[in-house]
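Novice: First, the structure itself, so that you have it in front of you.
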């Protein structure tokens, strides 16, 4: 990687150090406040790619140069049919009802007095805002599995059975379309996915339909320059069709969309039009924390539009991550990635039960994924 890291007592001090080393036109990739109060900044010389050249990797998440399996139809979001879970087979009901859980099972057991595991997880997972029904299901699943290992291993095994984990394995002919609320982190998630592709020898180009938000086009242009890839700004689905026809891009594509509501008919119509224009898989981007019922309503509404997996962002900025996790459980939506840092080169972590178990059992937020 060609970026460099600088520190200072303030943003301006770190920026001065960066410009002294990289020149006055250096591009800031990300900043963060360190535990000691200082500022850490990552920057790159203007026009210099984040990854120099393309590697020789021919397999893995974004491998090139190998025979790709036939991609699943975009209507299935690149996933097979959902694995059977408790949430999948409940009678039709709204998301809020699903989150209350099924307390009819094991009524003869006083869980609060006789089940140490329930008492522990009710306290530890409950502080994250995980809904009681989900906690109860995790406890029951852990007992069914025998509860072997330390607490993190037991929780990981229960999460693996209860939730769906589906990091993306995207063929180059299945573009990605990131959707969600304004401020959820779609643009930075697009850059992180492209950075992961570049690190493994692939290349993804950007298309941005978020042209109305102040600074959005400039932000995406900066990411494209840092990743040494192409970028197009569009306003309408027909613009996407024209790019595909005229440019015939050989690399994969990520479409960044403006903030939308699944409850607004005009927004839904626009999403479907962009999806059809690009033939893309829609991937929901949602922040980790928030009102759990609101999250559940949103995730369920997007699932009804054909979205099959999501990226959960702001793991580093959220003490409680239960709202998004509970919402995905209620809707049956699969987890693709967790975003735990602002840095585009290493802030995205494959969704995995081991990672989620450790994060849920922690007393305070911290990075767990490590560098890619």
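The values are calculated or read from the model by the stated rules, or taken from the named source; none is laboratory data. Worth saying up front: this structure is predicted, and the values here are computed from it rather than measured. Backbone-built Cβ (ideal geometry, glycine too); neighbour counts: all protein chains shown.
Novice: Out of the residues in segment 212-235 that are modelled with pLDDT under 80 and in a loop (DSSP other than H, G, I, E, B), state the one that is nearest to residue 26 (Cα to Cα).
Specialist: Residue satisfying both the conditions and the ranking: 215.
Novice: Can I ask one more? From 130, 138, which residue is assigned to a helix (DSSP H, G or I), modelled with pLDDT of 80 or more and crowded, with 20+ Cβ neighbours inside 10 Å?
Specialist: After ruling out the rest, the residue left standing is 138.
Novice: Still on this structure: Counting just the residues of segment 13-39 that are more than 12 Å from residue 3 (Cβ to Cβ) and touching a helix residue (DSSP H, G or I) at 6+ places or on another chain (Cβ under 9 Å), which one comes out modelled with the highest pLDDT? Quick ask: steps written out before the conclusion?
Specialist: Applying the first criterion (more than 12 Å from residue 3 (Cβ to Cβ)) to segment 13-39 yields 13-17, 19-20, 23-25, 31-39.
Still in the running and touching a helix residue (DSSP H, G or I) at 6+ places or on another chain (Cβ under 9 Å): 25, 31, 38-39.
Values: 25: 75, 31: 73, 38: 87, 39: 82.
Across segment 13-39, the extreme among qualifying residues is 38.
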